[in-house]
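Q: Please read through the structure below; I'll follow up with questions.
Bear in mind these aren't lab numbers, they're just calculated from the coordinates by the rules spelled out. Only a predicted model underlies this, so the values are computations on that prediction, with no experimental measurement involved. All Cβ positions, glycine included, derive from the backbone under ideal geometry; neighbour counts span all protein chains shown.
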Amino acid sequence: MKFNKMRMLLALVALVSLCAFSTLAQAATTLDKIKDAGVITVGNSPDYPPFEAIGDSGERVGFDVDLLNAIAAKMGVKVKWVTMDFAAIVTATQSGQVDMGMSGFSISPERAEQVSFSAPYIASGQVIVVRNDSDIQSAADLKGKKIAVQLGTTGEQEADKIEGAEVVKPESYNIAFMMLNNKVADAVIADISVADEFVKQGKFKRAGEPLSYEEFAMITRKGNDGLLQALNKALEEVKADGAYAAIVKKWNL
């Protein structure tokens, strides 16, 4: 009996060790796989100007796009953008469908439980946007109003905190602002830079002070430390050689 128990214990230890080794090997080989292929696959939702959008010629443009292209160049690889709904990018990154995600992700405790964050690459925050003819001046005026916000964003979290408001959650901010313009919604809550991009259209204005301040980061699957370190190193290099400042200036951030 004791001998059998010992064999079972040794087998269990061996199994745990094998699982741990497998996890470490998977994390270590992700970066090798990327370098061998010369391509990094990136989940992205191109409906978030000025960070990511589809330009007039059908190409993907934006701050995130330029920045990651510069980061990838430092790593010696090219970027393959994979278009998906914003709310699906975390799951796609977790499952290995894509190597990483970059799509205006704010660092948050909830997301940190699901994925790993790179060093932050820019600061932002959530603001209220209304039509020019609106009398809404702050979050206090949103009671009994309808707020549109993109599903899966930190803007959604801020909207859910507002008591007495109805929150609708379309899959993109393009739809949210269309709802606002068509008077289907009374307000939109969005990142500062995104809000300002839509305000430039001349139909909308910001209302009140920012509801929060946040930092954006790239995301990777948990345990993917090799890739995360490579991204952080390349980000530091892009900042050091002046490319980062030029991209910030280009997109007026």
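Matching residues to (1) within 18 Å of the chain's Cα centre (by Cα); (2) surrounded by fewer than 19 Cβ atoms within 10 Å (Cβ to Cβ):
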| site | (1), (2) |
| --- | --- |
| Val130 | no, no |
| Thr154 | yes, no |
| Lys161 | no, yes |
| Lys169 | yes, yes |
| Leu180 | no, no |
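Q: From the list Gln137, Gln157, pick out the single residue that is touching a residue at least 40 places away in the same chain (Cβ under 8 Å), assigned to a helix (DSSP H, G or I), of a type outside the set (Asp, Glu) and farther than 20 Å from Asn252 by Cβ.
A: Being touching a residue at least 40 places away in the same chain (Cβ under 8 Å), assigned to a helix (DSSP H, G or I), of a type outside the set (Asp, Glu) and farther than 20 Å from Asn252 by Cβ holds for just one of Gln137, Gln157, which is Gln157.
Q: Another one. Residue check, Arg111 against (1) assigned to a loop (DSSP other than H, G, I, E, B); (2) in contact with a helix residue (DSSP H, G or I) (Cβ under 8 Å, 6 or more places away or on another chain); (3) surrounded by fewer than 19 Cβ atoms within 10 Å (Cβ to Cβ), all met but one. Which one?
A: It is condition (1) that Arg111 fails.
Q: Collect the residues in segment 182-204 that are of a type in the set (Val, Ile, Thr) and crowded, with 24+ Cβ neighbours inside 10 Å, keeping them in residue-number order. Outline the logic, then answer.
A: Step one: list which residues in segment 182-204 are of a type in the set (Val, Ile, Thr), which gives 184, 188-189, 192, 194, 199.
The answer is Val188, Ile189, Val194.
Q: Another one. Can you spot a residue in segment 229-251 that is more than 17 Å from Ala53 (Cβ to Cβ), touching a residue at least 40 places away in the same chain (Cβ under 8 Å), surrounded by 22 or more Cβ atoms within 10 Å (Cβ to Cβ) and touching a strand residue (DSSP E or B) at 6+ places or on another chain (Cβ under 6 Å)?
A: no
Q: When segment 35-80 is examined, which residues are found to be more than 30 Å from Phe198 (Cα to Cα) and surrounded by fewer than 22 Cβ atoms within 10 Å (Cβ to Cβ)? Explain how you work it out, then say what you get.
A: Just the residues of segment 35-80 that are more than 30 Å from Phe198 (Cα to Cα), to begin with: 35-40, 73-78.
Correct list: Lys35, Asp36, Ala37, Gly38, Val39, Ala73, Lys74, Met75, Gly76, Val77, Lys78.
Q: On to the next question. Go through segment 207-228 and count every residue that is within 17 Å of Val77 (Cα to Cα) and buried (at least 22 other Cβ atoms within 10 Å of the Cβ). Walk me through it before giving the result.
A: So in segment 207-228, the residues within 17 Å of Val77 (Cα to Cα) come out as 218, 220, 226-228.
Then keep just the ones that are buried (at least 22 other Cβ atoms within 10 Å of the Cβ); that gives 218, 220, 227-228.
Matching residues across segment 207-228 total 4.
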